[in-house]
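Please read the structure below before turning to the comments.
The values are calculated or read from the model by the stated rules, or taken from the named source; none is laboratory data. Quantities reported herein were computed from a predicted structural model and do not represent experimental measurements. As a convention, Cβ positions derive from the backbone with ideal geometry for all residues, glycine included, and neighbour counts pool all protein chains shown. Quick note on the areas: whole protein, heavy atoms, side chains included, nothing else; ligands and nucleic acids left out. Shrake-Rupley method; radii C 1.70, N 1.55, O 1.52, S 1.80 Å.
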Amino acid sequence: QDINDAKISQDLEKVRKGNVSFAKKYKGKIASLSSDKFADMLKEKEKLSSIGAVLGEFAYLNMVTQMQNKEATAFYQSISEKLTDYYKPLVFFVRKPGMIVSYENVSAWTTGIPTACSNATTLLSPER
């Protein structure tokens, strides 16, 4: 894949729009989600994260395989900055270190959620 491929811009736009939409849909509402809706939210977040991860990994690998190429370095910097900016709406979704979570329905949320997603306490905070 070439760094000028139109699919890169399309994927960046998917990440930007998807994160804005995700924040509007879930910010301040996580604590009231049913276990099914909580699982749906995690799947939606995982899909958005995987698109961004592929973009970031591609840009990084492209750069490290041609360190003297200024265009490759600039591409990596550009992708990194855009992804950082595009993920800002999801700051609410990241658990703050040291935050104590004591929701009584955490076990209800995690029922039926795959093991990889079952650590719901790391996603919860009183601000949500």
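Odds and ends about this structure:
- Taken over the stretch 4-30, residues that are among the hydrophobic types (A, V, I, L, M, F, W, C) and open to solvent by 30 Å² or more (accessible area, probe 1.4 Å) amount to 2.
- Selection status of Val54, β-branched (Val, Ile, Thr), at pLDDT 90 or above and under 17 Å from the mean Cα position of the chain (by Cα): yes
- Only one of the numbered conditions (1) outside any helix (DSSP H, G or I); (2) farther than 21 Å from Asp2 by Cβ is violated by Met67, and that is (2).
- Within the stretch 31-59, the set of residues being touching a Gly at 6+ places or on another chain (Cβ under 8 Å) and either open to solvent by less than 20 Å² (accessible area, probe 1.4 Å) or among the aliphatic types (A, V, I, L, M) (or both) comprises Ala39, Leu48, Ile51.
- Residue count for the stretch 1-58 satisfying the condition of being aliphatic (A, V, I, L, M) and either outside any helix (DSSP H, G or I) or within 20 Å of Ile79 (Cβ to Cβ) (or both): 12.
- Set side by side, the residues Ile113, Ile79 differ, and just one is within 24 Å of Asp2 (Cβ to Cβ), surrounded by 13 or more Cβ atoms within 10 Å (Cβ to Cβ) and either of a type in the set (A, V, I, L, M) or modelled with pLDDT of 50 or more (or both), which is Ile79.
- First in the stretch 1-23 and touching a residue at least 40 places away in the same chain (Cβ under 8 Å), second anywhere and of a type in the set (Asp, Glu), Cβ under 9 Å, 6 or more apart: Ile3/Glu71; Ile8/Asp2; Arg16/Asp85; Phe22/Glu44
- Selection status of Ser50, without any contact (Cβ under 8 Å) to a residue 24 or more places away in the chain and over 20 Å from Asp2 (Cβ atoms): yes
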